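Comments concern the structure below.
The values are calculated or read from the model by the stated rules, or taken from the named source; none is laboratory data. Keep in mind that this is a model prediction, so the values were computed, not measured. Glycine also receives a Cβ, built like all others from the backbone with ideal geometry; neighbour counts cover every protein chain displayed.
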């Protein structure tokens, strides 16, 4: 177990921000920590990084209790917490040098290597104050990975990035996990980000963990694998599919059929429609984490 | 220990990479030569004004004005004006990181908060020593170059005449003591900086404490005598002690220990506060 929290709680004056949180992250996982704004994601991450002290409960990093563990354990952790704030009056290279040196030692080659990964190599000697938000975000990623950590904690890492940058960072996260066998703890309020990148996830709302587990398993246990179908005769298609036993549920919305069926039945769906002389313009499989997430959050707020 | 020294090095790099660090150095580099040039031109008028009260008892031939005398009088800026340059930097060392959000990066490294606060405190001391000694070198050096050297006449409980060589030694001692005095100011600003998340508060707060303490230190009211030992400003004038004859080593040692106690207390409070502080910015 790389990371484990035991009834972790944080209270700011009279406001309970995180309540009895029990998370478990195992080696090699890309763990998505999902929740709406103000749910307690950043507070949890700050506790895990010892930026704030828990009010009660505890957590374990690499099997050691945070209260007794040496701060050296953080040499195995790379982190980016919220906005990437650097020393604006120093260059990107010098910022990384300072942070890297506090980890022990960092070579100039390694600094340029990570700057190259985040496409900032040619700006290495420029002061950070001349960087755009997106560039600072990429520099934040660079400092998180530069010391080859075993656990990377990223808080909203794609915030402020352009679409190309977002794609790069997501690919980078996946490759870090695969190639370097890094465990990634990724906080985000972007549902599709978690869906695309993460193997496991936990959903937090109002400081409480609603659910955690393997992303695909959690989705399979629900009705939210949806296949969207566009046809020339939506009503006829609806009537037809309602009578098919392998279709779990079907609904028509804005001329689009939303069909709930298992992935292996999708070829059967196309074949059935064509056989009945219904012209199909598109079949788009969607796993709607958003629906799942909203249903959980709604259920919690109704309690 | 090695990590603390390494952090101290990088904290010093940070301090000396900021523009505000050089405000004091630039001001001194401009102001001191300007004062010396003005004294060189109007020095005799200054002398007649300064020594008017002594003219009934003494007959002056020539001039007492030289670079060393002006440097001696310039040491008075160390009371109220000079601390501004100290709090400007010391007040920003901790609060600046809080305001900029850079603690989030720094404290997620395998370095303890004790090491962070200690390295920052040492870097603040380095800056303090550098700027005080710069004032000393600039003041005495430029004074001798522009106005000229000679014997130093010190008017304090009588007249003390120090030959140039002896005067330079006394200046060295005085400025080393001034470093210690200003370190007390820096330690207080550092403490306020640890509490605050912006550097304006520590600057104003430290200045307020200095001014109030100075007023209480110099007021000759019996009721205040009992609290004076607890005011760090009561020991500020220690840097004028080397210009007495003989040098009051015991008094100097006592004042240095008292100031050291204040520095230690301010530092320890800073450590305790920072170690318990939630980094929410």
Helices (runs of 4 or more DSSP H) wholly inside the stretch B:183-281 containing at least 3 residues that are under 30 Å from residue B:164 (Cα atoms), touching a residue at least 24 places away in the same chain (Cβ under 8 Å) and in contact with a helix residue (DSSP H, G or I) (Cβ under 8 Å, 6 or more places away or on another chain): B:249-276
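Residue by residue, here is whether (1) under 30 Å from residue A:197 (Cβ atoms); (2) at pLDDT below 80; (3) touching a strand residue (DSSP E or B) at 6+ places or on another chain (Cβ under 6 Å) holds:
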{"residue": "A:223", "(1), (2), (3)": "yes, yes, yes"}
{"residue": "A:227", "(1), (2), (3)": "yes, no, yes"}
{"residue": "A:249", "(1), (2), (3)": "yes, no, yes"}
{"residue": "A:260", "(1), (2), (3)": "yes, no, yes"}
{"residue": "A:275", "(1), (2), (3)": "no, no, no"}
Could you tell me whether residue B:25 is surrounded by fewer than 18 Cβ atoms within 10 Å (Cβ to Cβ), touching a helix residue (DSSP H, G or I) at 6+ places or on another chain (Cβ under 8 Å), in a helix (DSSP H, G or I) and at pLDDT 80 or above? yes
Just a yes or no: is a residue in the stretch B:257-271 buried (at least 19 other Cβ atoms within 10 Å of the Cβ) and more than 22 Å from the chain's Cα centre (by Cα)? no
Of the residues B:99, B:129, only one is assigned to a helix (DSSP H, G or I), more than 14 Å from every other protein chain (Cβ to nearest Cβ) and either over 21 Å from residue B:198 (Cα atoms) or over 14 Å from the mean Cα position of the chain (by Cα) (or both); which? B:129
For the list (1) away from chain B (no Cβ under 14 Å); (2) without any contact (Cβ under 8 Å) to a residue 60 or more places away in the chain, I need the number of the one condition that residue A:173 fails. (2)
Just one of the numbered conditions (1) at pLDDT below 90; (2) under 15 Å from the mean Cα position of the chain (by Cα); (3) under 16 Å from residue B:88 (Cα atoms) is not true of residue B:198; which one? (2)
Considering the stretch A:137-168 alone, what residues qualify as being crowded, with 20+ Cβ neighbours inside 10 Å and in a helix (DSSP H, G or I)? A:137, A:138, A:139, A:140, A:141, A:142, A:143, A:144, A:145
Would you please name the residue that is farthest from the other protein chains (Cβ to nearest Cβ), looking only at residues in the stretch B:135-161 that are surrounded by fewer than 17 Cβ atoms within 10 Å (Cβ to Cβ) and in a helix (DSSP H, G or I)? B:145
Number of the condition not met by residue B:132 [criteria: (1) at pLDDT below 90; (2) over 19 Å from residue B:64 (Cβ atoms)]: (1)
